[in-house]
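S.K.: There's a structure below that I have some questions on.
The values are calculated or read from the model by the stated rules, or taken from the named source; none is laboratory data. Keep in mind the model is a prediction, meaning the values are calculated, not measured. Neighbour counts are summed over all protein chains in view; Cβ atoms, including those assigned to glycine, are modelled from backbone coordinates with ideal geometry. Areas reflect the complete protein model, heavy atoms only, side chains present, ligands, DNA and RNA absent. Shrake-Rupley method; radii C 1.70, N 1.55, O 1.52, S 1.80 Å.
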Amino acid sequence: MAELTQERSAPRGPGFVRRLVASQETGLVIVVTLLTITLIALAGSHLDRRTGLEVNNFWNPNTLVQTLTDASFFAIMAIGATMVIISGGIDLSVGSIYALAGVTMALVLRAMGPMGPGATAVVGIVVCVGIGLLCGLINGILVVGLRVHPFIITLGSMWVLRGIAFVISKAESILVPPSLTDVAKAPLGLGGGLYPVPMLVMIVLTIIGAIYLTRTVMGRHIFAFGGNLEASRFAGLSLGLIQIGVFAVSGLTAGISAFLGASFYGSASSGDAQGYELYVIASAVVGGASLIGGKGSAVGAMLGALLIVLIRQSIRTLHFDQNYEWIVIGCAIIIAVVIDQWSTRMAARRLTKAAESARAAA
Amino acid sequence: MIARRGRWSSVVLSALCFAALACSGGGESKTAATGDSAKAGAGGAAGKAIKIAMIAKSSDNPVFLAARTGAEAAAKELSAKSGTTVEVEWLTPAKEDGEVQAQRVRQAMNEGVDAILISCSDAGKVTGAINDAVDRGVTVMTFDSDAPQSKRFAFYGVDDAKAGQQTMAELAKLLNGKGNVAILAGNQNAPNLQKRVQGAKTEAAKYPGIKIVGVFNHIETPQDASAEVIRVNNAYPEITGWAFIGGWPLFATSLLSELNPAKQKVASVDAIPVELPYIEKGVVPVLLAQSVYLWGDVGVRTIFDKIHDNKSPANAVMPMELVRVSKENLGDWARQLKSWGFTDVDPKYLALPAASGAPATAAPAAGQ
């Protein structure tokens, strides 16, 4: 519940500035900025074939948009997964939902035959979002109905959903109509091989996620649920509905990400997004979400995904041995969690001391 | 108050990440710099250099490491001969993932490489990225697994359907045209492996005495593949023959004791050094070798011809023939592997006498 203060609407004046400086998102922004500056300084340069100009290997529009695009597929899923984590649960099935939603969309579009670009996009997004939502709801209902830990339910559904994707696709990589790719890769007036749509969707969904978590009653119920279950029960909250809701949102964001991913890359297969659930959870955790619940934010999830992708990008841009990628990301996650736990303990100690001082003074 | 938690945690995290990155940089350089080309990544403007990004399917598969060796050796030789520095940058994902490959293609393009040499995990996923790269003036060639709908200018690799057929034909010969056969098929999503399976089935249909018990997929690691073979053998004791359309289980030694050549015959694609004991002991009498080193060697030479001399191959699809390796030419093949830079060839195979007819391992000319 304490984190409600962190997520609450920002007051104006010096308090707002203090809170801004103190927030974990600010820390992440600093990290991302430092990493970006380092990359700009060390990346080197090359001659752009189209313009004949010398361009920085990292600080150029194509690489920046590419980095944000790479992050967007994880980040969108991480926003939903963060809500599950805030509620004290975990969703291991997001990668499988991504694969199933993408494959189903591709099969439906193939079965429907040629359509106009608008109709193709509408059918595609409806199928993907629908499948994602349905899978999320099933996860939530199973968790609540069977009273089994989300880890077990989503571990099972991770295999089941990928298995369904495999069976219905017959292990085929199914091409999506080019008009759908045109939507995901719409230049929106930028040109020059820049495709900003996934990045923009990520930003919009992050804003929506942040508003949902910080400015709506439903969002605050999630923090309450994850922060103190007993208190939430006594407060009369609909615990089952909250839990089903977070899994539904997680499935929904996986569906949206699947639509973007399949459309952007031009095909869908049952092997898509294998292992992505770990990147998604890592994004949420690096972004400040606590696995014991009650803490996290949509902005943090997005920044966490961006940081992980930036670390991957930096390994390549700086020509480090890419075989170290998993080691670096693994270390980053462990360090983030350890530091977070340490700072939590320190904060609790400070609270206790303050309370004791107040009692002594009284 | 709680809001203050972790205020500087991310900053500390950043510092530690940088430290880890710095440590990783202490390892090998990712640019196979040739000659004086170590400038890459630190301001290497184009100049008189050809920079090739090599993107294989996965960096934990020994066949792709051999291809990398071939590419780097060809780059070194071409640099010395032509005076134009040729660099090979290894951008292969750790595990197979078409989306990650597409990301690597874009990254290479954005960093100004001149060419990309790629084996596609999922043609559908990388076709768009390849086309974008070609549109921006990057020369793209595929090897091993093609993206036929893309704008790549050439492909070098085996005909997968034919490879499947050849494997089954060899097995049928070992079984005298009669038996219960299983097909070991690797990753079910890989289009080239699907074609090999189809080829094997087509060939099996020519033999009325051959019955296919099943097609078995698995994670493409030696351990998983070996475990799958053992599992299937226990579940289907009637199996008398295996067609391995990839050599995964033979990249480990466990099946040397698990397979009984008196009861089961095996024919397999691939013949890297670790597989040679299987031929020697008769456990796998025939291996159909892909000249994996040549994926890189021919790929780099073909790209060099295209960029340096503006010369394209006569046919966009450059077929690689499989080399039949058995006890008869084991020594020749071992020596061939050694000459390609494999360091783990057992000396006892190198000492074997030459076969009367040397294996056909010569690289096709780029213009072929």
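S.K.: Could you run the Karplus curve 6.51 cos²θ - 1.76 cosθ + 1.60 with θ = phi - 60° over the range A:284-300 and give me ³J(HN,Hα) per residue in whole Hz, x for Gly and Pro?
M.R.: Result, ordered by residue: 5, 5, 4, x, x, 6, 9, 5, 8, x, x, 8, x, 7, 5, 5, x Hz.
S.K.: Something else: Any idea what diffusion coefficient chain A gets from Stokes-Einstein, in µm²/s, Kirkwood Rh on alpha carbon pairs, 20 °C, 1.002 mPa s?
M.R.: The Stokes-Einstein estimate is 99 µm²/s.
S.K.: How large is Rg over Rh for the range A:221-275, taking Rg from the Cα atoms and Rh as the Kirkwood inverse mean of 1/r across Cα pairs? If you can, show how the numbers build up before the last one.
M.R.: Values: Rg = 16.7 Å, Rh = 13.4 Å.
Here the Rg-to-Rh quotient is 1.24.
S.K.: What is the spread of the Cα atoms of the range A:40-110 along each of their three principal axes, largest first, in whole Å?
M.R.: Here the spans come out as 49, 39, 12 Å, largest first.
S.K.: Convert 4 °C to kelvin, take the viscosity as 1.567 mPa s, use the Kirkwood radius over C-alpha pairs of the range A:64-144 as Rh, and evaluate the Stokes-Einstein diffusion coefficient in µm²/s, rounded to a whole number. If you can, show how the numbers build up before the last one.
M.R.: Numbers: Rh = 14.2 Å.
Value of D from the Cα-based Kirkwood radius: 91 µm²/s.
S.K.: For the range B:153-273, what log10 I(q)/I(0) values come out of the Debye formula at q = 0.10, 0.20 1/Å, with one point per alpha carbon and no solvent?
M.R.: Debye curve over Cα of the range B:153-273, log10 I(q)/I(0) at q = 0.10, 0.20 Å⁻¹: -0.27, -1.09.
S.K.: Now for a different question. If you project the alpha carbons of the range A:266-309 onto their three principal axes, what span does each projection cover, largest first, in Å?
M.R.: Computed over the Cα atoms, the extents are 36, 20, 14 Å.
S.K.: Same structure again: Rolling a 1.4 Å sphere over the protein heavy atoms, what is the accessible area per residue of the range B:151-289, to the nearest Å²? Don't skip to the end; give the middle numbers.
M.R.: On the way: 5190 Å² over 139 residues.
It amounts to 37 Å² per residue over the range B:151-289.
S.K.: Treating the beta-carbon of each Lys and Arg as +1 and of each Asp and Glu as -1, no other charges, what is the dipole magnitude of the protein assembly as shown about its Cα centre, to the nearest 20 debye? Please list the in-between numbers first.
M.R.: Numbers: 60 positive and 53 negative charges, 328 e Å.
Computed about the Cα centre, the dipole is about 1580 debye.
S.K.: Decide, for the range B:295-344, between rounded, prolate and oblate: order the square roots of the alpha carbon gyration tensor eigenvalues as a ≥ b ≥ c, take rounded if a/c falls under 1.5, and otherwise choose prolate if a/b is larger than b/c, else oblate.
M.R.: Values: a/c = 4.64, a/b = 2.04, b/c = 2.28.
Taking the square roots of the gyration eigenvalues as a ≥ b ≥ c, the range B:295-344 is oblate.
S.K.: What is the packing order of peptides A:71-78, B:264-271, B:54-61, taking the mean over residues of other C-beta atoms within 10 Å and listing the highest first? Please list the in-between numbers first.
M.R.: Values: A:71-78: 31.6, B:264-271: 26.1, B:54-61: 23.0.
The peptides rank, most packed first, as A:71-78, B:264-271, B:54-61.
S.K.: Please compute how much accessible surface disappears when B pairs with A, both sides summed, using a 1.4 Å probe, and round it to the nearest 100 Å².
M.R.: On the way: alone 16510 and 17790 Å², together 28330 Å².
So the buried area, both faces added, is about 6000 Å².
S.K.: Average partner chain C-beta neighbours within 10 Å, per residue of A:175-181? Don't skip to the end; give the middle numbers.
M.R.: Details: counts 5, 1, 0, 1, 0, 0, 2.
That works out to 1 on average.
S.K.: So what's the range B:232-368 giving for Cα Rg divided by 2.2 N^0.38 Å, two decimals? Kindly include the intermediate steps, with their values, before the conclusion.
M.R.: Values: Rg = 17.4 Å, N = 137, 2.2 N^0.38 = 14.3 Å.
It is 1.22.
S.K.: Let me ask you something else. For the range A:198-237, place one equal point scatterer on every Cα, skip the solvent, and apply the Debye formula. What is log10 of I(q)/I(0) at q = 0.18 Å⁻¹?
M.R.: Once normalised to I(0) and log-transformed, intensities are -0.55.
S.K.: Would you mind giving the three semi-axes, in whole Å and largest first, of the ellipsoid equivalent to the range A:126-193 according to its Cα gyration tensor? Don't jump to the answer; show the numbers that get you there.
M.R.: Numbers: eigenvalues 225, 55, 20 Å².
Output for the range A:126-193: semi-axes of 34, 17, 10 Å.
S.K.: Over its Cα atoms, what ratio of radius of gyration to 2.2 N^0.38 Å does the range B:205-259 give? Intermediate results must be reported in sequence, preceding the final value.
M.R.: Details: Rg = 11.8 Å, N = 55, 2.2 N^0.38 = 10.1 Å.
Dividing the Cα Rg of the range B:205-259 by 2.2 N^0.38 Å gives 1.17.
S.K.: Would you mind putting A:316-328, A:91-103 in packing order, based on average other-beta-carbon counts within 10 Å, highest first? Intermediate values should be presented prior to the final figure.
M.R.: Values: A:316-328: 19.2, A:91-103: 31.6.
Listed from highest to lowest mean packing, they are A:91-103, A:316-328.
S.K.: Now a separate question. Ignoring ligands, DNA and RNA, what percent of the 1.4 Å accessible area of the protein assembly as shown is carbon and sulfur?
M.R.: Details: 17980 of 28330 Å².
About 63 percent, which is the carbon plus sulfur part of the accessible surface.
S.K.: Okay, moving on. What do you get for Rg/Rh over the range B:42-128 if you use C-alpha atoms and the Kirkwood form of Rh?
M.R.: Working: Rg = 13.3 Å, Rh = 13.5 Å.
When Rh is taken as the Kirkwood radius, the ratio is 0.99.
S.K.: If only Cα atoms are counted, what is the Rg of the range A:138-291, and what is its Dmax, in Å?
M.R.: Over the range A:138-291's Cα set, Rg and Dmax evaluate to 18.3, 58 Å.
S.K.: For n ≥ 4 DSSP H runs only, could you compute -39500 (n - 2.57) per run for the protein assembly as shown, divide by its residues and tell me the 222 nm figure to the nearest 500?
M.R.: Value at 222 nm, helices only, nearest 500: -18500 deg cm²/dmol.
S.K.: Then there is this: How shielded is A:271-279 by partner chains, expressed as the average number of their Cβ atoms within 10 Å of its Cβ atoms?
M.R.: Values: counts 11, 6, 2, 5, 2, 2, 0, 0, 0.
Mean partner-chain Cβ count within 10 Å for A:271-279: 3.
S.K.: Let me ask you something else. Accessible area per residue, 1.4 Å probe, Å², for chain A: what's the number?
M.R.: Accessible surface, normalised per residue, equals 41 Å².
S.K.: What translational diffusion coefficient, to the nearest whole µm²/s, does the protein assembly as shown have by Stokes-Einstein, given a Kirkwood radius computed over alpha-carbon pairs, a temperature of 20 °C and 1.002 mPa s viscosity? Write out the running numbers ahead of the final one.
M.R.: Values: Rh = 27.5 Å.
The Stokes-Einstein estimate is 78 µm²/s.
S.K.: Related question: Treating the range A:230-362 as a set of equal point scatterers at the Cα positions, no solvent, please give the Debye-formula log₁₀ I(q)/I(0) at q = 0.17, 0.22 Å⁻¹.
M.R.: Log-scaled intensity ratios, in q order: -1.12, -1.36.
S.K.: Right, something else. How many Cβ atoms of partner chains, on average, are near each residue of B:186-197 if near means within 10 Å of its Cβ?
M.R.: Values: counts 0, 2, 8, 10, 4, 4, 0, 1, 4, 0, 0, 0.
The shielding value for this peptide is 3.
S.K.: Can I ask one more? Listed highest first by mean packing, meaning other Cβ atoms within 10 Å per residue, what order do B:203-212, A:25-34 come in? Spell out each step's value before the answer.
M.R.: Values: B:203-212: 15.8, A:25-34: 18.7.
Listed from highest to lowest mean packing, they are A:25-34, B:203-212.
S.K.: Find the Rg to Rh ratio for the range B:87-194, where Rh is the Kirkwood radius over alpha-carbon pairs and Rg uses the same atoms. Intermediate values should be presented prior to the final figure.
M.R.: On the way: Rg = 17.0 Å, Rh = 15.4 Å.
Radius of gyration relative to Kirkwood radius: 1.11.
S.K.: What FRET efficiency, computed as 1/(1 + (r/R0)^6) with R0 = 45 Å and r the Cβ-Cβ distance, is obtained for A:R359 and A:I30, rounded to the nearest 0.05?
M.R.: Working: r = 37 Å, r/R0 = 0.83.
E(calc), rounded to 0.05, equals 0.75.
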